[in-house]
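Asks: Quick one: the structure is below, and I'll ask about it shortly.
Any read-out appearing in this document is the output of simple, stated calculations on the displayed coordinates, not a laboratory observation. Please read these numbers as outputs of a predicted model, since none were measured by experiment. Using ideal geometry, Cβ is built from the backbone for each residue, glycine included, and neighbour counts are taken over all protein chains shown.
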Amino acid sequence: MDGSVTVITNPTVSVRVSSTVSSFEVNRRFNRGITIAEFKSKLELIVGTPAAFMDLELFSTSDKLLQKLDNNEALLGSYPVDDDCRIHVTDCSGTQSGEFTDLSKVEKFEISDEAYEKRADSIRNFKKNMKLGRFNEENRAKQEEALAKKEEEEKVAAEDIAVGNRCKVQVPGQPTKIGTVMFVGKLTLIFISLLAD
């Protein structure tokens, strides 16, 4: 033996990446043989912070700070990085936390209803021309007729049920319940209230 030390570990490591500019963590696998400078370049694509403005901290699997990853020439594997450790990226460029995810700062396109009505290339105009949805009078009339028919059928069925009647309720996937009818009438639909035994 020549006195050299051989370390046998997995050539890749799976870490959690967090950042000051994002509220969520990302799980990624990296090669232990890359330098910290190369590692920062890969992290730039994940967190959006330029590599030159990154400070990296290594946290254990139990989220205890182990050390800073501050030597750009050192290999990632030269640090005690294990699977499920967390690498925290601190953005030193001045980017605010949540700057890229806060939708309240985004200018939105707004148009008045009158101006939208005049446009020939709108969805509303397409639906009118194709007679779709609420613009199809024939279909709307059929739907209203079907709804009226269903309500009438429910009303006729409810007339045969009186308060105080005994009943059995069977719902698929539920045990059968036996009880007493406590209410018959219309709310927004026709409901039958019962007192279960």
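Asks: For the chain, what's the relative contact order in percent, using C-alpha pairs closer than 8 Å and at least 6 residues apart?
Replies: Numbers: 257 pairs, mean separation 29.5, N = 197.
It comes to 15 percent, rounded to a whole number.
Asks: Using a Gaussian network for the chain with springs between C-alpha atoms less than 10 Å apart, which of these wobbles most: 151, 38, 57?
Replies: Highest fluctuation among the options: 151.
Asks: Let me make sure I get this right: for the chain, a, b and c are the square roots of the gyration tensor eigenvalues over alpha carbons, sorted descending. Under 1.5 in a/c it's rounded, otherwise prolate if a/b > b/c, else oblate. Which is it?
Replies: Oblate shape, in that a/c is at least 1.5 and b/c is the bigger or equal ratio.
Asks: Rounded to the nearest 500, what is the 222 nm mean residue ellipticity of the chain from helices alone, with -39500 (n - 2.57) per DSSP H run of 4+ residues and division by all residues? Could you put the intermediate results ahead of the total?
Replies: Details: 4 runs with 49 residues, N = 197.
So the calculated ellipticity at 222 nm is -8000 deg cm²/dmol.
Asks: Shape call for segment 12-91 from the C-alpha gyration tensor, a ≥ b ≥ c root eigenvalues: rounded (a/c under 1.5), prolate (a/b greater than b/c) or oblate?
Replies: Judged from the Cα gyration tensor, segment 12-91 comes out rounded (a/c under 1.5).
Asks: Which listed residue (129, 37, 58) has the Cα farthest towards the positive end of the charge dipole for the chain, taking +1 on Lys and Arg C-beta and -1 on Asp and Glu C-beta about the Cα centre?
Replies: 129
Asks: Rounded to the nearest 5, what is the percent of antiparallel bridges among the DSSP beta bridges in segment 1-93?
Replies: Numbers: 17 of 22 bridges.
The antiparallel proportion sits near 75 percent.
Asks: While we're here: In whole Hz and in residue order, list the ³J(HN,Hα) couplings for segment 47-54 that follow from phi through the Karplus curve 6.51 cos²θ - 1.76 cosθ + 1.60, θ = phi - 60°; x for Gly and Pro.
Replies: Taking θ as phi minus 60°, the curve returns 9, x, 8, x, 4, 5, 10, 9 Hz for segment 47-54.
Asks: Another question, then. Ranked by Cβ crowding within 10 angstrom, fewest neighbours first, how are 36, 123 ordered? Display every interim value, and only then the final one.
Replies: Values: 36 21, 123 11.
By the 10 Å Cβ count, ascending: 123, 36.
Asks: Which links in 155/186; 42/68; 128/149; 42/64; 142/186 stretch past 19 Å when you go from one Cα to the other? Write out the running numbers ahead of the final one.
Replies: On the way: 155/186 9 Å; 42/68 17 Å; 128/149 28 Å; 42/64 24 Å; 142/186 23 Å.
Beyond 19 Å between Cα atoms: 128/149; 42/64; 142/186.
Asks: Right, next: Between 168, 42, 131, which gets the highest mean-square fluctuation from a Gaussian network model of the chain, Cα cutoff 10 Å?
Replies: Per the Cα network of the chain with a 10 Å cutoff, 168 tops the list.
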